[in-house]
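Colleague: The structure that follows is given in the form of C-alpha cells.
Nothing in this text is a laboratory measurement; each read-out follows from the coordinates by a stated rule. The structure displayed is predicted, hence computed values, not measured ones. Every residue, glycine among them, receives a Cβ derived from its backbone with ideal geometry; neighbour counts consider all protein chains shown.
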Amino acid sequence: MQDNSNISAISENGKTLKDFIPLVFAFFGCLVVWALYQNIRLYFSGALDGFLNKSFFLLVMHHIGFSAVLALCSAFLFNFLERKKFGLGLKTARIIFLVFLILEGFLIEYYVQNYEILGFGIFSTLQTSSSGFSLFPMLLTLPLVAALFFHLCRRFVSVYRPISRMYPFTIILFSIFLATLNSDKKPINENKAQYLIVSWAKNAFDFNTYEGTKDYPLLVSYTQKDDLVPYFNLKREKPHIVFLIVEGLGSDFIGQNPRYPGFIPFLDSLQNKALVWENFISNTGESAAALPSIIGSLPFGNTGFTNEDGFIHRHTLFGILKDNGYNTSFNYGGNSALNRFDRFLDEERVDRILDKNNFGDAYQLQDEDAAGISLGYPDKDLFKRGVSVQESFNGPRMDVFFTLSSKAPYLVPNREYYEDRVGDVMKKSSIGNRERKLVRNHKEIFASLIYTDEAIKTFITEYKQNPEYTNTVFIITGTHNLTDLPQKDELSRYKVPLMVYSPLINSPKRIESLASHVDIMPSLVSLLDNEYGLRVPQQVGWLGEGLLSPETFDVLKQVPLLRSKNNIQDFITGPYYLTDNSMYEMDENLNLSELDNDEVEERVRDNFIYFKSVNKYVTSANKIIPGEAAIFASIKADFSKQDMVWIQSVFNGNDFDRAYETARNLAHGQEWGRALLLCRYILNEIPRHADTEILMGRIYAWQKEYARSIAVLEEAIRKYPTYADGYAALLDTFFWSEQHNRAMDLSKRVKQNGITSKEIENKILRAKKRLKSEKETKDLSLDQNIMAETTFTEN
C-alpha cells in the first residue's frame, strides 16, 4: 500500500529528480530535431549528398555530451531553487533548456546559411557579415521545436522509473559527457552552443594576450653581421651546407665534461677540428619542434611551428638559400607526415624530400616496437640512401639529414653487437658508480648512440672522397638532450652540442657564448651574405640574433624554450633561467644556483609573459612577417565554405588513410568531382600522401584527361621513385592514351629504381605486344600500298 504521507512530504519539499529527468530527455530530443533540420537544409542547398549520414550520427553523439553537461550543471541549480520555493527550480530549468534550444537553432541557422560556425566575436561577426543572414527560416521552425519540447516533457515522465533502477543518473550523464570530450569535432557535427561557450571561455581565461602596438612585433630590419667571417676561408663558389640534426644528442654525451663519455668517439674527435659552442641550448625539449628553430629561427606556436594550422609567412634557410641558387633537400628515415614536416617542407619548395616512403626494397626498416610499429629506416641507411638519390646539380646544395635511431625504443640493427660495444666502452671509462649503473640498465640507449656515431663517421668519411667536400660546411647539433635518463637539473634537457666542421675553417675554436638553435640561421645567412652578397629580405622576423657575443652572457639576449607541446614553461634572459615557479642564475658552464632577487625575477617574468603573448599572436594571426615580404606565397588550396561542409560530412577526424578510402570509393562509383575534391583536401593537409596523388592521376585518366593524368603521375614518381603503384598507374594511362613508346621509356626507370612487381611486368609486356601489333599492322599496310602501286604501274 502506498505511503501518502511520504508523497505529501516530498511534494512539500519541492519537485524531485523524477520531474527533472523528462526535461533533459526532451531537450536532447529537440537537439536531434535541430540536427535533422541542419542536415536537411544542407542537403537541399547541395552541400551534402544525404542528410542521414555519418556526420548526423556524430552530431547526435555530441548532442548527448552537451545534454549531459548541461543537465549536470542545471541539476544543482534545480535542487537549490526547489528548496527555496516549490516549483521554482523546475520553471528555471525549463527556461534554461528553452534558451539553449533557441540558441542552438540560431547558431545552426547561421551555419547552414554561411557554412561557418560562430564563436568568440559573434557580435562583431554578425555586424560585419555581408551574407544577408536571415532568421526567418529558423523563426518558422522554432514554435514547432518549442511545442515538441513541452510535449516530450510530458511523454518522458514514464522514463524515470527505469532510469532510477540504474546507477545514479548523474554518474551516467557524467560518463557520457567524458566519452564525448575526446571525440574529434568539426563544425558540421559539433553542438554549436557548446562551441560558442567554449570559445568564450577560452578567450575569457586567456590572460596572455598580446597588447603591443606593433602589428608585426618580431619584424626588424636585417643587419649583416660579420661574427663568423674571421673563422672561414671561403672560396669563390658558394659552399655546400650539410645539416646533421641528431636525435637526442645532448651535452650528457659530448663536450668537455660529459656525464657519459666515450660513446660517440667520432663526434668527439671532430671537436678538435671544428668551431664548438660550449654553452649551447636547444630551444625545445621535443624532437620535431627543433627543425623550424634550426632552419627558420621561428616561434613555436602552441604545439610546435609545423603543427600550426594554416600557412604562416616566414623566412627560412630553405627559402633564402633556394632564392640564391641553392638546391635543397630534406632526408629523414621516418614518416614526414608526422608533425606535418611534409607540409612545412612543401611550403618551403624543398627540391627533394626523402622519407620513409622512398627507400625501397634494398633497405630494411628498424625493428618494430611492442606496439608493432617501426620508427622508420635506421641512420646508416638514411645516409646511404640520401647520398644515392642526390641528383646532379651544378650549383651549391643545402642538405638536411634528420636522424632517428637514437630515439626510443632504440631498436638499432644488430643491437647485440652494439650493446657489447657499450661494455667495451665501460671497461675503459672512469665514470662514477651511479652513471655506470644507469648505463648497465639502459644499454639500448648507449648502443644506439654508438650506432649513430658510427653512421655519421661512415657518411663523412665517404663524403671526403667527393670533390665537393673541400667546399662543404657541416653543421652538427642535437634535437635535445635525451630525457630517458635522469637529468642533472631543469636546464639539462635543453643542453646540446653545436659543431661547425669544414675544411673551410681556418682555425678550430671553442666558443663560450651562450647561443641556441634559433641563432644558427641569422649567423649563417650573414656569413654567406658577407662573402657572396645574397638576396636577403630587408626585414626579417627571426627569434635569434646570432651565435657570438663578447661574453658568455649577453644581458639582453633572450632564449625561449618549448618544453613540450602546449607547455612553454622555461625562459632565459641573460644569465637568468626561469622554470615553472623557480628562478636560477647560471655560471659560465650553465650550472644553476637558486636566485633570490625579486627585482630580477619580476623583470625576467615580464619578458617571459611578453614572449608568450607574442609567440601566440604571431603564429595564430600570421604576423611574423607581412605577406608581401615573404619569398614564397601559400600553396594551400582554398575551399569554399560549401565544399568544406561536404568534406566534413564524409570525413571527420585525422585518419587521412580513411579519407583516402572514401575518395577511392567515390571514384570507383564514378563520382569523380567529389573524389577529386576530397583528394585535394587530403593533399592540402598531408601534401605527400602518395596514394591520394596516384588516385588523382587515375581519376584524370578515367575522365580521359590524359595530359593532366600524366603530369600528376610523373610528379608522383619523381617524389616516390620506389613506389610501384605510381608506375602501374602511369603505365595504364600510357596504354589507354596509346602512348606505348613512353611506356617503354618508363620501363627503364622501373629497372633503375629496383621495382619488382609482377603487375608492372605484365603492363610493360602489354605495351610491348601493342607496339609489336601496331608495327605489324603498319608493315602490312605498307606492303599493301606497295603492292597496289606495283599493280597500278603494271596496268
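Colleague: Take every Cα pair under 8 Å in the stretch 215-323 that's 6+ residues apart, average their separations, divide by the length, and report that relative contact order as a whole percent. Each step should come with its number before you reach the end.
Modeller: Numbers: 47 pairs, mean separation 13.3, N = 109.
Result for the stretch 215-323 is 12 percent.
Colleague: Now for a different question. For ASP587 and LYS509, what does the FRET efficiency come to when R0 = 25 Å and r is the distance between their Cβ atoms, rounded to the nearest 0.05? Before the final figure, lay out the partial values.
Modeller: On the way: r = 21 Å, r/R0 = 0.84.
The calculated FRET efficiency here is 0.75.
Colleague: Quick one: Karplus J couplings for the stretch 235-242, per residue in order, coefficients 6.51, -1.76, 1.60, θ = phi - 60°, nearest Hz, x for Gly and Pro?
Modeller: Each residue of the stretch 235-242 in turn: 8, 5, 7, 4, x, 6, 10, 10 Hz.
Colleague: Determine the calculated [θ] at 222 nm for the chain from helices alone, applying -39500 (n - 2.57) to every DSSP H run no shorter than 4 residues and normalising by the residue count; nearest 500 deg cm²/dmol.
Modeller: -16500 deg cm²/dmol
Colleague: What is the stretch 225-549's relative contact order, in percent, from Cα pairs under 8 angstrom and six or more apart in sequence?
Modeller: Over the stretch 225-549, the number comes to 37 percent.
Colleague: While we're here: Past 32 Å, Cα to Cα: identify those pairs from LYS202/LYS495; LYS202/LYS488; LYS214/LYS356; LYS273/LYS616; LYS380/LYS748, in the order given. Intermediate values should be presented prior to the final figure.
Modeller: Details: LYS202/LYS495 34 Å; LYS202/LYS488 36 Å; LYS214/LYS356 42 Å; LYS273/LYS616 40 Å; LYS380/LYS748 28 Å.
Correct reply: LYS202/LYS495; LYS202/LYS488; LYS214/LYS356; LYS273/LYS616.
Colleague: Additional query: Run down the aspartates and glutamates and flag those whose C-alpha is under 18 Å from the C-alpha of LYS768, throwing out any fewer than 8 positions away in its chain.
Modeller: Straight-distance partners of LYS768: ASP732, GLU738, ASP745, GLU759, GLU776, ASP779.
Colleague: Report ³J(HN,Hα) in whole Hz for each residue of the stretch 506-520, in order, from the Karplus equation J = 6.51 cos²θ - 1.76 cosθ + 1.60 where θ = phi - 60°; Gly and Pro get x.
Modeller: Couplings: 7, 7, x, 7, 9, 10, 9, 4, 5, 8, 9, 3, 6, 8, 5 Hz.
Colleague: Could you calculate the contour length gain from ASP367 to ASP606, that is, 0.36 nm times the residue separation minus the distance between their Cα atoms, to one decimal place in nm? Mind dumping the intermediate values first?
Modeller: Working: separation 239, 0.36 × 239 = 86.04 nm, distance 4.75 nm.
Stretched out fully, the ASP367 to ASP606 stretch lengthens by 81.3 nm.
Colleague: Give me the extension gain from ASN335 to LYS636: residue separation times 0.36 nm, minus the current Cα-Cα distance, reported in nm with one decimal.
Modeller: Full-extension gain reported as 106.3 nm.
Colleague: Sticking with this structure for a sec: Evaluate E = 1/(1 + (r/R0)^6) for ASP580 and ILE102, where r is the Cβ-Cβ distance and R0 equals 35 Å; express this FRET efficiency to the nearest 0.05.
Modeller: Working: r = 45 Å, r/R0 = 1.28.
With R0 = 35 Å, the Cβ-Cβ based efficiency is 0.20.
Colleague: Given R₀ = 25 Å, FRET efficiency for GLU714-HIS668 by Cβ-Cβ distance, to 0.05?
Modeller: Numbers: r = 24 Å, r/R0 = 0.94.
The computed FRET efficiency comes out at 0.60.
Colleague: Using each residue's phi in the stretch 49-56, evaluate 6.51 cos²θ - 1.76 cosθ + 1.60 at θ = phi - 60° and report the 3J(HN,Hα) Karplus result to the nearest Hz, with x for Gly and Pro.
Modeller: After applying 6.51 cos²θ - 1.76 cosθ + 1.60, I find 7, x, 9, 9, 10, 4, 5, 5 Hz.
Colleague: Treat the count of other C-beta atoms within 10 Å as a stand-in for reagent exposure and order LYS192, LYS54, LYS758 from fewest to most.
Modeller: Values: LYS192 25, LYS54 14, LYS758 7.
Ordered from fewest to most neighbouring Cβ atoms within 10 Å, LYS192, LYS54, LYS758 come out as LYS758, LYS54, LYS192.
Colleague: Right, something else. Ranked highest first by the average count of other Cβ atoms within 10 Å around their residues, in what order do 646-653, 450-457 fall?
Modeller: Numbers: 646-653: 20.6, 450-457: 22.9.
In decreasing order of mean packing, 646-653, 450-457 become 450-457, 646-653.
Colleague: Can you spot the aspartates and glutamates whose alpha carbon is less than 16 Å from LYS509's alpha carbon? Ignore those fewer than 8 places along the same chain.
Modeller: Those aspartates and glutamates meeting the cut-off are ASP227, ASP268, GLU278, GLU551.
Colleague: Taking the Cα centre of each part, how many Å lie between the stretch 525-603 and the stretch 392-421?
Modeller: 30
Colleague: To continue, here is another question. Sort the following peptides by mean Cβ neighbour count (other Cβ atoms within 10 Å, averaged over residues), highest first: 421-433, 340-352, 532-544. Could you put the intermediate results ahead of the total?
Modeller: Working: 421-433: 12.8, 340-352: 21.2, 532-544: 17.4.
Per-residue Cβ counts within 10 Å, averaged per peptide and sorted highest first, yield 340-352, 532-544, 421-433.
Colleague: Here is a further query. Going highest first, how would you order 703-711, 523-531 by mean Cβ packing within 10 Å?
Modeller: Values: 703-711: 15.3, 523-531: 21.0.
Result, highest mean Cβ count within 10 Å first: 523-531, 703-711.
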